[in-house]
Amino acid sequence: MLQCIFLLSDSGEIMLEKQLTGHRVDRSICDWFWNQAISQGDSFKQQPVIASPTHYLFQILREGITFLACTQVEMPPLMAIEFLCRVADVLSDYLEGLNEDLIKDNFVIVYELLDEMIDNGFPLTTEPNILREMIAPPNIVSKMLSVVTGNSSNVSDTLPGATASCVPWRTTDIKYANNEVYVDLVEEMDAIINRDGALVKCEIYGEVKVNSHITGVPELTLSFTNPSILNDVRFHPCVRFRPWESHQILSFVPPDGQFKLMSYRVKKLKSIPIYVKPQLTSDAGTCRINLMVGIKNDPGKTIDSITVQFQLPPSILSADLTSNHGVVNILSNKMCTWSIDRIPKDRTPSLSGTMVLETGVERLHVFPIFQLGFRIQGVALSGLQIDKLELKVVPNRLYKGFRASTRGGLYEVRS
Amino acid sequence: MFPQFGATAETLSKASTIMFRIGTDAHLYDDPEDVNIAPLLDSKFDSEKCEALKRLLALIAQGFDVSNFFPQVVKNVASQSLEVKKLVYLYLLHYAEKRPNEALLSINSFQKDLGDTNPLVRAWALRTMAGIRLHVIAPLVLVAVGKCARDPSVYVRKCAANALPKLHDLQQEEHSSTIEEIVGMLLSDHSPGVVGAAAAAFNSICPNNYSLIGRNYRRLCEVLPDVEEWGQIVLIGILLRYAIARHGLVKKSIMFSLHGKESPQSEKDSSDVEFSLEKDNGTMDWKYNSELASLVSRCYIEGPDEYLSRSSYGNRMFSEFHDYKFISAKSNDNLMILLHCTSPLLWSNNSAVVLAAAGVHWIMAPREDVKRIVKPLLFLLRSSSSSKYVVLCNIQVFAKAMPSLFAPHFEDFFIISSDSYQIKALKLEILCSITTESSISSIFKEFQDYVRDPDRRFAADTVAAIGLCAQRLPKMANTFLEGLLALTRQELLTSEFGSIEGEAGVLVQVLTSIKSIIKQDPPDHEKVVIQVVHSLDEIKVPAARAIVIWMMGEYSNLGEMLPRMVTTVLKYLAWSFPSEALETKLQILNTSVKVLLGAKEEDLWTSKKVVSYVLELAEVDLNYDVRDRARFLKKIVSSKLGSQEVKDDMIYPPQKEDLPHVLAECILRAQTQQLSLEPINYRIYLPGSLSQIVLHAAPGYEPLPKPCSVLHDEHSPETNKLGEGTDGSGSLSGSSDEETVSDYSSERSVTDSDGDDGSDETGSASENGNDVDPLIQVSDIGDTHINQNGVPQSASTDLGEMMSKRALESWLDEQPDMSNPSASGQSQVHRSSARISIKDIGSRVKPKSYELLDPANGNGLKVDYSFSSEISSISPLLVGVEVSFENRSTENISEVTLVDEESNKASDSAECSLTSHSDVPVLVPMEDITFLEPGQRTKRTLHVRFHHHLLPLKLALYCNGKKLSVKLRPDIGYFVKPLPMEVEAFTDKESHLRGMFEYVRSCTFTHHIEELNKDKEMGDMLTRDKILLVCETIAVQMLSNANVFLVSVDMPVAANLDDASGLCLRFSSEILSNSIPCLITITAEGKCIEPLNISIKVNCEETVFGLNLLNRIVNFLS
């Protein structure tokens, strides 16, 4: 079981330490960790499980903050990592973001949350809805109140009813004047287009997000018109397994508020909405680049927020890039971003320019990989469709809403 | 600390967020000490207390030691405000271990909170109380946990389950059976939320106590989907272990493959399955993974360290595995139900749950069903990059043992640019092991893309992977070679200036891969060799040059073209020799000699010339390795060279041809063997374990139990008493040991690991622990054997001294007059006249004797000890112990002595501050007993300084020159000495020790009934007053078990003779070590002839001591 959790800032400062068991972990482990991280560079920071001389360390990195957990005995490493991810999720949910200052400013809440989330190294309450009832998130009102009165308590003095019920993710006594339930299909398209311009892999990673505000303990069933296209699925604990096994119907009692009902994957898709055509030629120490982006298969809705990102190869000294549409930005770490937003009707956006190679290098041998980002509102590219959403007991005044959107996920074009 | 990171970002964001920081705790974190914290803590406003506590927390977060505020913080524990409480708890948990004495001040408040109506308050109190981890309060915590485990609130019960491992951590053996009992109770809780936490507790307390699981196995399986996610992870592991230990392995599962080799029938079975799964895989492939699969299953059961060390002797005999029972999953409901209940968990949102469930299927499911874990596992790859890495590590093992599983899903292992190097390398390795002929073309295309990856280390790995794939799929070798050659050309172009780091590595790897492919079938690839040798001039990297030169020497006789060009190349090498790097020089030497040995007639002369030239150059090289090599080779090939100094040897030309030549042939030209696939020596641990990721057995890692090692059927009576249940486990593991011993005699048995140290004590403890309050197990272990010969006399004299006359006067024989109105009308404290004789009560005071050494263990030497009330003259810290030695054997025993085993044990106990008087010896040495005849009995008085009034002291007993270690268990009743005082002084003192220094417990007193019955039998009912008898019995019990002074006896005034209500006895004493007075008051209620309810009150400033003393008194009175 976990013995200690540290939160480190991106400069290696220990912002918080929370000892979990009687086997204390000295802070010096963080110094060891940070020295290693400096001497070994990025590859160390990307190692999720590290065997230090005294402890096993698990780390995740979120928004520059390293969550470090220590143990000395055998335990499932995924459990530790998953837990740290949950902590990070909960914190960024509570603090509306995650950075060094937010954590320092709200360190008491972070302590209280950690104390509630893990007991003796074993997770205790991790359900966000329950946590919210036990420890109130900081908000403008409470902040103002504390300025005015100098007094604020964010610790609830009663135990949320859900901890005792058989649906531990939901409190029982919820009342709304207007009952609403919204279902969002949020999809991300992952694709790999190889050097020859062939589509190697194209799949959708999707989530069904539900935002429910319904009185009482509602029983919901959600069904799809074409569930057979789903390749893999994962469910929120509220989903009952049996109806899905037999009829592919989602039957559940929802938590109150926003939550992720399920995530799914649709594999082996054949069409991509946008093409990217890179051309690179290099000779005698210079390299010419030409990049074209256009619509390949029109999804029927407007595609916006199109961006192309790529890392210039290390052998490039300088680059002079221009585009006929959108903005090109090159950061000091040679990361180049081309923001196109929408594709204009009259012309095909293209980016071109020359790049100077390092002296001694005649031709380019390492080629950039282009990452495409985009957003399409109102359509789920996987083709998944919701058939119907039913409530067992329909409350008066119920509003049901459905939405869909697709974003570029791990969408890569190699050159 | 490291200003180069994000310094500017920090200042920027500070400026921008200053607005949002209003109203948060920012100022507290930034300058926690800008105000004086101490007065705030004492403030009467909760808000100020909160602020002070927050400042302290900020200091803790920043790593400062603020434990000096402990006393002030502890005071606030009784606050009504939940926020203050929570903050105090956070502080307490951080520092309690450092300040055990002050932490104890909070106990009363916890005790109070445990009775609160708000479940949240109860849960917090329990969590904190267990979390402060002090040995001394362990008994109290245990009671609290026991109570909370029956709490109506699920949340509180869950916290109770979580508190159990905290108690277990304190390693107090005497509680272990009670703890296990509570674990068992919580495991059968009706709320799934509790079961999850109980499973976690089970895992860390008694992972091998299969009887607890056996009782609930089916129910636990069924409840599994409803248990909360974290509990699921642990529970899955527990159920898997139990199922294997109880029911064995499943036929046709991956674990079965090792067995499949033995019997032809099953061989056919399993290979059928295999082939149906991967139709296009070669037979070689099948063999490969079956060997691996057997390695996998073996590692799971034995642990790789053990298995690999055994197999390194070349002994891979499977004989001892013959006895594993394999059962078909379809026929066994118990296994089916586990598989059935874990399969929906493959859809869980928690990746750890998915992996754990996949592990169960991997080990237990029949081969054809294993494939259902594939998609869920692959889906996990879309989660965070940290979990991706862990999942890939596990998939790697699965894919190696059963490539057919993942072969159709190769696309999922394609690399994306955001993957870290570790992930890329893992994906590459998996791709390598799952390639099939149908997928190789796509995979090879991918590889060609990877070669241009900006990460050159990864590019080099890719090239190596191509080489590996070619070995697995020889048909593709030509395609691969073409690709590699193209790559060489390209690499040569780019690395022309040698400027780019990492390119060299890629080039070397390309050539290594080419070499390994050629090695498989040299005649086929003659042209490739020629091509490579042609480019020798352009290859600048020494390591790469060395490889090419090696290839030239190795294949110099191959085909038509090569032998012809060899001499030319050799000349070129000889020319460039002086400017080469070390490894190239060595390789040139080797190669030139190889060429010479294989040279045909027409080239012989040239070769000789070149070789002698090179050798001469090498002999004067700066590097000694090169010089040595040259000399060695020169000697070996001297005959062939026909060298300059040969004159004498010319007479025996045939002989000269012989030895060195053969030697040279052997060394340099022996046909390189086609290396079979290297022996598989992967370290494989259970799927999902930490050990599998770090590739060594982490502490606490346990391989799977031996199949069917638990033979006992535990399903039987559910009503089985828990105490018996734990006993059962002891005998169970014992019997299973016997079962397994014949089969696996050389191996450590898994099942006995929980047995030995726990079972004997827990056994005896649970005997009397069944119906008695668990607290009494503190020191009541061992025989309550009463020594009849010597002890009573000495005790009675001691008592005579100890009980002052004054005290005994109050004990009077005047009870017949008690109903006398004049007497009862007065203050009940003072009574006079009649008296009981000292002997009367003294003779009945018998200090309890405990066994130190059983004659069975000590070759007939029996050693008992009892605590004496004599106060040591050497130091007040020493407790007098009377030890009696008796020789029960028929032989003489000589040189008996008792010494302290290790004197520094105290330093790691948390309470060392209590007894850190290191100048006092642990044991005042006793005189040796030089000789003990059969049947002889001797006594010695020891003065012992216990480290703690609850912890046993380890002593070493020497007899006949042998050392036996024994444990001396302290009796808290003798850590005090009588403190004579008047009853007024008593009441006065008592009034000063109210509140948190006062502890009360009650119990039922029954000892007097025995006495009454005895009297009845004797028929002299009338002569003795019942109340007096009760008084006497209580006093005797007290005085026989504790070294206290009887201050007074208050008699009830009631008219009813039978009613003992109001009877009150007062005893006083002071603690030996610090002379703090300790007052004991016993009041009785009820009828004389019935069991009495007595309540015992202890007033003592030393909280812990008082509590423990109270528990001890309750223990011996009830």
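The values are calculated or read from the model by the stated rules, or taken from the named source; none is laboratory data. Keep in mind that what you see is a predicted model, and the values were worked out from it rather than measured. Backbone-built Cβ (ideal geometry, glycine too); neighbour counts: all protein chains shown. Surface accessibility is based on the protein's heavy atoms, side chains included, excluding ligands, DNA and RNA. Shrake-Rupley method; radii C 1.70, N 1.55, O 1.52, S 1.80 Å.
The mean number of Cβ atoms from other chains found within 10 Å of a Cβ in peptide B:623-631 is 0, as a whole number. Available extension along the chain between residue A:319 and residue A:199 is 40.3 nm, counting 0.36 nm per residue and deducting the alpha carbon span. Here the Kirkwood formula puts the hydrodynamic radius of the stretch B:976-1115 at 15.5 Å, using every distinct Cα pair. With R₀ fixed at 56 Å, the C-beta to C-beta distance from residue B:960 to residue B:98 puts the FRET efficiency at about 0.75. Across q = 0.09, 0.17 Å⁻¹, the stretch B:24-221 modelled as identical point scatterers on its alpha-carbon atoms has Debye log10 I(q)/I(0) values of -0.38, -1.05, in the order of the q list.
Could you order peptides A:327-333, B:226-232 by the average number of other Cβ atoms within 10 Å of their residues, highest first? Before the final figure, lay out the partial values.
Working: A:327-333: 11.3, B:226-232: 23.4.
Highest mean packing first, the order is B:226-232, A:327-333.
Taking K and R as +1 and D and E as -1, what net charge do the other residues with C-beta under 11 Å from the C-beta of residue B:694 add up to?
Details: positive: B:683; negative: A:74.
Every neighbour counted, the sum reads 0.
Legend: distances between Cα atoms for B:75/B:967; B:85/B:1097; B:112/B:967; pairs beyond 31 Å are B:75/B:967; B:112/B:967.
Please compute the Kirkwood hydrodynamic radius of the stretch B:383-478 from all pairs of different C-alpha atoms, in Å with one decimal.
About 13.4 Å for the stretch B:383-478.
Near residue B:424, within a Cβ-to-Cβ distance under 15 Å, what is the net charge of the other residues, with Lys and Arg +1 and Asp and Glu -1? Don't skip to the answer; put the middle values down first.
Values: positive: A:414, B:388, B:427, B:452, B:456, B:457; negative: A:42, A:412, B:412, B:419, B:429, B:446, B:449, B:453, B:455, B:461.
Neighbour charge sum, excluding residue B:424 itself: -4.
Please give the average number of partner chain Cβ atoms lying within 10 Å of the Cβ of each residue in B:686-695, rounded to a whole number. Mind dumping the intermediate values first?
Numbers: counts 2, 1, 5, 4, 13, 3, 2, 10, 6, 1.
Shielding by partners across B:686-695 averages 5.
For residue B:169 and residue B:564, what does the FRET efficiency come to when R0 = 60 Å and r is the distance between their Cβ atoms, rounded to the nearest 0.05?
Values: r = 78 Å, r/R0 = 1.31.
The computed FRET efficiency comes out at 0.15.
Reducing the stretch B:104-138 and the stretch B:352-375 to their Cα centroids gives an inter-centroid distance of 43 Å.
Rolling a 1.4 Å probe across all protein chains gives residue B:124 an accessible area of roughly 10 Å². Amide hydrogen proximity for residue A:256: with H placed 1.01 Å from N in the peptide plane, the residues at 5 or more positions away or on another chain lying under 5 Å are A:171. Under 17 Å from the 7 Å Cα→Cβ point of residue B:1010, by amide nitrogen: which residues of the stretch B:849-881? Residues B:849-850 qualify, since their backbone N sits under 17 Å from the label point.
Please list B:389, A:399 from largest to smallest accessible area, probe radius 1.4 Å, with all protein chains kept in place. Write out the running numbers ahead of the final one.
Values: B:389 30, A:399 125 Å².
Heavy-atom accessible area, descending, gives A:399, B:389.
The modelled label-to-label distance between residue B:369 and residue B:1002, using points 7 Å beyond Cα along the C-beta direction, is 5.8 nm. Accessible area per residue was computed with a 1.4 Å probe on protein heavy atoms; residue A:39 scores about 90 Å².
Label separation (residue B:222 vs residue A:223): 2.9 nm, computed from points 7 Å beyond Cα along the C-beta direction.
A straight line joining the Cα centroids of the stretch A:388-406 and the stretch A:335-349 runs 37 Å. Taking only the C-alpha atoms of the stretch A:4-149, Rg followed by Dmax gives 15.6, 50 Å.
Past 30 Å, Cα to Cα: identify those pairs from B:166/B:848; B:939/B:1026; A:270/A:301, in the order given. Can you show the working numbers first?
Details: B:166/B:848 33 Å; B:939/B:1026 38 Å; A:270/A:301 19 Å.
Too far apart for the 30 Å limit: B:166/B:848; B:939/B:1026.
The eigenvalues of the Cα gyration tensor, multiplied by 5 and square-rooted, give chain A an equivalent ellipsoid with semi-axes of 41, 33, 20 Å from largest to smallest. For the stretch B:1057-1098 and the stretch A:247-279, what is the separation of their Cα centres, given in Å? Answer, in whole Å: 73. In this structure, residue B:625 and residue A:271 have a Cβ-Cβ separation that, at R0 = 60 Å, corresponds to a calculated FRET efficiency of about 0.45.
Provide a whole-number value for the mean count of partner chain Cβ atoms within 10 Å of the Cβ atoms in peptide B:342-353.
On the way: counts 0, 2, 7, 1, 4, 10, 6, 11, 9, 6, 9, 6.
That average works out to 6.
For the peptides B:864-871, B:193-200, what is the packing order when you average, over each peptide's residues, the other Cβ atoms within 10 Å and list the highest mean first? Don't skip to the answer; put the middle values down first.
Working: B:864-871: 22.4, B:193-200: 28.1.
Put in order of decreasing packing, that is B:193-200, B:864-871.
Rg ratio for the stretch A:167-210: its Cα radius of gyration over 2.2 N^0.38 Å, N being its residue count, equals 2.12. Between residue B:516 and residue B:333, the distance separating the two model label sites (each 7 Å from Cα on the Cα→Cβ line) works out to 5.3 nm.
Mind ranking B:449, A:256, B:537 by accessible surface for me, highest first, 1.4 Å probe?
Values: B:449 15, A:256 40, B:537 90 Å².
So the residues, ranked largest to smallest area, are B:537, A:256, B:449.
Considering only the other residues whose Cβ falls under 13 Å of the Cβ of residue B:630, what net charge follows from Lys and Arg at +1 and Asp and Glu at -1?
On the way: positive: B:585, B:627, B:629, B:631, B:634, B:635; negative: B:616, B:619, B:621, B:625, B:628.
With Lys, Arg at +1 and Asp, Glu at -1, the net is +1.
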